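Report on one structure; see the data block that follows.
Here, each number is a calculation from the coordinates, and none is a lab measurement. None of these values were measured; they are calculated from a predicted model. We place every Cβ from the backbone using ideal geometry, glycine too, and count neighbours over all the protein chains shown.
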Amino acid sequence: MRTGQRSTTRIALIVLGVLLALYIGNIGVGYYQTSRMQLSQLAPSQFTVFGFPARAMEERRWKIIITHEVPKVVEVLREAGFERPELGAEDQQNFKRVPIEEVVRTLPVVLTEQHIERVWVEERAAETLRAQGRYFVVHLQLSREGRARLWNYAREQIAQFRALGEKPRDERLLLMVGEQPWSAPVISAEVGSSWWLMSRFSMLQSSDVQIFPIYDEEIAETIAQGFENAKQKALAQEGVR
């Protein structure tokens with residue numbers, strides 16, 4: 001009986017080992033192929049994820065403020081402090097709104113709808129006590145090229161060494177549908193690591209970018225619908241060609 005159990009255990013371990021090797025090999029091949037992609041410069045589209053590199057934007061004195069859950073790019077006066085304002089102070093200061101044309105012309109384009117395979121909205125229960133007991137998450141599932149583009153941007157702009165005592169900055173992206181900003185998710189330094197890119201090839205990874213918390217369901221649905229509209233428009237243009 002014990003011999004049979006040992007044999008079964010050995011077979012199970014061998015099978016698990018083979019599956020693990022195939023899994024790691026698949027991730028490794030995907031990572032190698034993606035990291036060697038030649039990525040051309042992008043132009044803005046109908047559904048665009050812009051980079052908002054903190055150091056460069058601080059030099060311009062540009063920052064993103066969120067009012068009524070909608071982001072705005074503003075310019076801070078030189079004599080005013082650039083640090084993050086206290087909650088509720090955004091509307092009390094006279095920020096200069098940056099024209100959207102200048103925003104589009106200045107910010108680097110990280111992704112467009114052609115690098116996103118799917119967008120969907122998930123509702124979650126709020127984890128802390130708030131007036132609203134729920135919030136929404138917009139998921140972006142990227143293509144292989146989309147992962148490579150996001151990783152390369154993060155590696156160049158975010159995964160940088162800080163000087164001793166230098167405070168971390170809020171590294172953001174800016175999501176725009178047409179010329180309307182709808183979200184400005186904070187992107188963390190871990191996105192610039194090789195492990196982040198490798199983990200994107202895992203079958204356990206549901207999405208590559210999660211934009212949250214969005215408390216207004218209409219905004220979340222507008223983002224998702226904006227992606228669908230942009231995809232359909234892109235397909236129609238390809239059909240004309």
Item checked: Summed residue charge, Cβ within 10 Å of Arg147's Cβ, Lys/Arg positive, Asp/Glu negative -> +1
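What FRET efficiency do you get for Asp170 and Glu122 if R0 is 22 Å and r is their Cβ-Cβ distance, rounded to the nearest 0.05?
Working: r = 24 Å, r/R0 = 1.08.
The value I calculate is 0.40.
Which of Glu190, Glu238 comes first, and how do the rest follow, when ranked by fewest Cβ neighbours within 10 Å? All intermediate terms of the calculation are to be shown ahead of the outcome.
Numbers: Glu190 12, Glu238 8.
Listed from fewest to most nearby Cβ atoms, that is Glu238, Glu190.
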Margin query: I need the calculated FRET efficiency for the pair Ala189 and Asp216, taking r as the beta carbon distance and R₀ as 22 Å, to the nearest 0.05.
Written below: 0.15
Item checked: Under Karplus coefficients 6.51, -1.76 and 1.60, residue-wise ³J(HN,Hα) of segment 216-229 in Hz, glycine/proline x -> 9, 4, 4, 5, 4, 5, 5, 4, 5, 5, x, 5, 4, 5
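What's the exposure ranking of His115, His139, going from fewest to most Cβ atoms within 10 Å?
Ordered by Cβ neighbours within 10 Å, fewest first: His139, His115.
Got a sec? How would Ser194, Ser183, Ser143 order by Cβ neighbour count within 10 Å, fewest to most? It would help to have the intermediate numbers written out before the result.
On the way: Ser194 12, Ser183 23, Ser143 15.
By the 10 Å Cβ count, ascending, the order reads Ser194, Ser143, Ser183.
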